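Report on one structure; see the data block that follows.
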Amino acid sequence: MADAAEDAVLGRELFPRQVAVTALARVYVNHTHVVVPALGPVRALGQLAGRPVAAGAPGSGAQVVAERLLRTAGLTGSRAVRARRMEAAESAVALRDGEVDALIWSGGVPTPLLADLAREMPLRFLALDGHVARLRAAYGPVYSAVTIPAGAYGLREPVGTIGVSNYLTARADVPEGAVRELLALVFDRRRVLLAEVTAGARLEPRFAISTGSVPLHPGAAAYYRSVFG
């Protein structure tokens with residue numbers, strides 16, 4: 001994810017030193033999901049204060065987004081949620097069984113795990129677009145306002161939320177030829193690779209090369225120049 005990749009390149013937050021990571025392509029935009037039972041009392045993020053929340057697996061991209069979202073929303077100190085570090089599948093089970101009052105996830109739309117859960121129980125997806133400005137002010141333009149469209153997860157209305165780009169990355173020492181071959185395959189099969197993604201899928205050259213502070217691998221730059229000019 002763009003936020004974690006940028007932290008790695010700059011050597012900040014969870015990364016005590018700079019990491020020689022490069023980008024091959026910006027592939028699609030992860031959508032942040034904060035999911036609660038539709039029949040429960042929680043209708044806004046601030047109402048999660050003091051409640052148990054599945055806030056991403058340890059070391060995951062979802063954890064990074066969850067911690068930053070909760071921090072900028074003021075859910076710290078006496079208003080802190082009771083964050084539980086869980087894998088996605090475990091989070092869904094915990095929400096279904098009432099062990100947590102919400103789960104936070106960052107992924108494509110629809111995420112199959114959540115689509116399955118929505119068929120088991122009525123869900124509410126909290127609107128988060130009002131938090132984008134504070135996230136951008138604190139952490140930069142890696143965060144954007146996006147929409148979970150109506151129809152996804154059975155939603156009757158679209159839900160505004162937080163987007164984080166998803167990068168295909170590689171070590172800087174990967175041979176240029178290997179990178180070019182991989183990207184040729186990715187772009188040749190892009191319709192197959194993103195067939196199940198209904199929101200945020202943007203695997204096209206102009207979108208793919210926009211990787212912010214994460215430098216393009218020299219092989220990736222050569223591929224884009226040779227194919228798209």
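The values are calculated or read from the model by the stated rules, or taken from the named source; none is laboratory data. As the structure is a prediction and not an experimental result, all values here were calculated from the model. Heads up, the Cβs are rebuilt from the backbone with ideal geometry, glycines too, and the neighbour counts pull from every protein chain shown. Areas reflect the complete protein model, heavy atoms only, side chains present, ligands, DNA and RNA absent. Shrake-Rupley method; radii C 1.70, N 1.55, O 1.52, S 1.80 Å.
Quick notes on this structure:
- Cα-based radius of gyration for segment 1-113, normalised by 2.2 N^0.38 Å, reads 1.13.
- As a length-normalised measure over Cα pairs under 8 Å and 6 or more apart, the relative contact order of segment 67-161 settles at 24 percent.
- Stokes-Einstein D in µm²/s, Kirkwood radius over Cα pairs - segment 79-179 at 25 °C with 0.890 mPa s viscosity: 154
- For residue 30, the amide hydrogen comes within under 5 Å of the amide hydrogens of 164, 165, 166, counting only partners 5 or more places away or on other chains and with H modelled in the peptide plane.
- Carbon and sulfur %, accessible surface of the chain computed with the full protein complex present, 1.4 Å: 52
- The convex hull around the C-alpha trace of segment 102-147, projected and averaged over every direction, spans 3.8 square nanometres.
- Highest average packing first - 104-113, 142-151, Cβ atoms within 10 Å: 104-113, 142-151
- Calculated P(r) tail over 34 Å for the chain, as whole % of Cα pairs: 18
- Considering helices alone, the calculated mean residue ellipticity of the chain at 222 nm is -9500 deg cm²/dmol, with DSSP H runs of length four and up weighted by -39500 (n - 2.57) and normalised per residue.
- Under Stokes-Einstein, with the Kirkwood radius over Cα pairs as Rh, the value for segment 162-229 at 10 °C and 1.306 mPa s is 123 µm²/s.
- Length-normalised contact order of segment 24-98 in % [C-alpha pairs under 8 Å, at least 6 apart]: 35
- Amide H within-cut-off set for residue 124, under 5 Å, with H built and near neighbours excluded: 36, 38
- Intensity falloff of segment 15-58 expressed as log10 I(q)/I(0), Debye formula with alpha-carbon point scatterers, at q = 0.24, 0.26, 0.33 Å⁻¹: -0.99, -1.08, -1.26
- Available extension along the chain between residue 226 and residue 204 is 6.4 nm, counting 0.36 nm per residue and deducting the alpha carbon span.
- For segment 36-85, the spread of Cα positions along each principal axis, largest first, Å: 31, 22, 14
- Label-zone membership for segment 18-57, site residue 85, 7 angstrom Cα→C-beta point, backbone N under 19 Å: 52-57
- Amide hydrogen neighbours beyond the local backbone of residue 83, cut-off 5 Å, H modeled: 53
- If R0 is 22 Å, the Cβ-Cβ spacing of residue 178 and residue 12 corresponds to a FRET efficiency of close to 0.15.
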